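Read through the structure below, which is laid out as structure tokens, and then see the notes.
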Amino acid sequence: MCGIYVNTDPIMYESRTRSLRIHGVITTIRMENAFWNALQEIAGHEGVTTNQLIAKLHGELTECRGETGNFASFLRVCCLRFLAATEGGALAPAASPPAPQPAVLKLVQ
């Protein structure tokens, strides 16, 4: 049973910190590469860049809750919900998914 998990490429659970601008403020977010990849997939599905997606989610969360709390954890949960919805058929696949890139290129922005 554990083989499917322990044989995961270590690059997928390596953490990366990315700097981005959210509503004019530069901030950093640290997450595992697997989540950055999922955010890129969501952004492709929405037809926006990853940074635009994150800024949009931040704005909507702030509007809905009044604060963001642990925003990186919120983004991780968004990724899991998206993947579950995609697998469950609740979301149609993106019309034109982004072209695959080597993992190293996904981390640099």
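The values are calculated or read from the model by the stated rules, or taken from the named source; none is laboratory data. Quick caveat, the model's predicted, so the values are computed rather than measured. Every residue, glycine among them, receives a Cβ derived from its backbone with ideal geometry; neighbour counts consider all protein chains shown.
Worth pointing out:
- Residues in the range 1-34 that are of a type in the set (Ser, Thr, Tyr) and assigned to a strand (DSSP E or B) were compared, and the one that is nearest to residue 59 (Cα to Cα) is 27.
- Any chance residue 101 is touching a strand residue (DSSP E or B) at 6+ places or on another chain (Cβ under 7 Å), loosely packed, with under 15 Cβ neighbours inside 10 Å and at pLDDT below 90: no
- Failed criterion for residue 63 (all others in (1) loosely packed, with under 11 Cβ neighbours inside 10 Å; (2) in a helix (DSSP H, G or I); (3) touching a strand residue (DSSP E or B) at 6+ places or on another chain (Cβ under 7 Å) hold): (3)
- Pick from the range 66-92, criterion out of contact with any His (no Cβ under 8 Å at 6 or more places or on another chain), assigned to a loop (DSSP other than H, G, I, E, B) and modelled with pLDDT under 90, ranking: nearest to residue 45 (Cα to Cα): 92
- Condition met for residue 40 (surrounded by 10 or more Cβ atoms within 10 Å (Cβ to Cβ), within 20 Å of residue 9 (Cβ to Cβ) and modelled with pLDDT of 80 or more): yes
- Residues of the range 30-58 classified as of a type in the set (A, V, I, L, M) and in contact with a Ser or Thr (Cβ under 7 Å, 6 or more places away or on another chain), total: 3
- For the residues 19, 15, the requirement of being surrounded by fewer than 17 Cβ atoms within 10 Å (Cβ to Cβ), in contact with a helix residue (DSSP H, G or I) (Cβ under 8 Å, 6 or more places away or on another chain) and over 24 Å from residue 86 (Cα atoms) singles out 15.
- Some residue of the range 46-58 being surrounded by fewer than 10 Cβ atoms within 10 Å (Cβ to Cβ), in contact (Cβ under 8 Å) with a residue 12 or more places away in the chain, out of contact with any Lys or Arg (no Cβ under 8 Å at 6 or more places or on another chain) and closer than 15 Å to residue 71 by Cα: no
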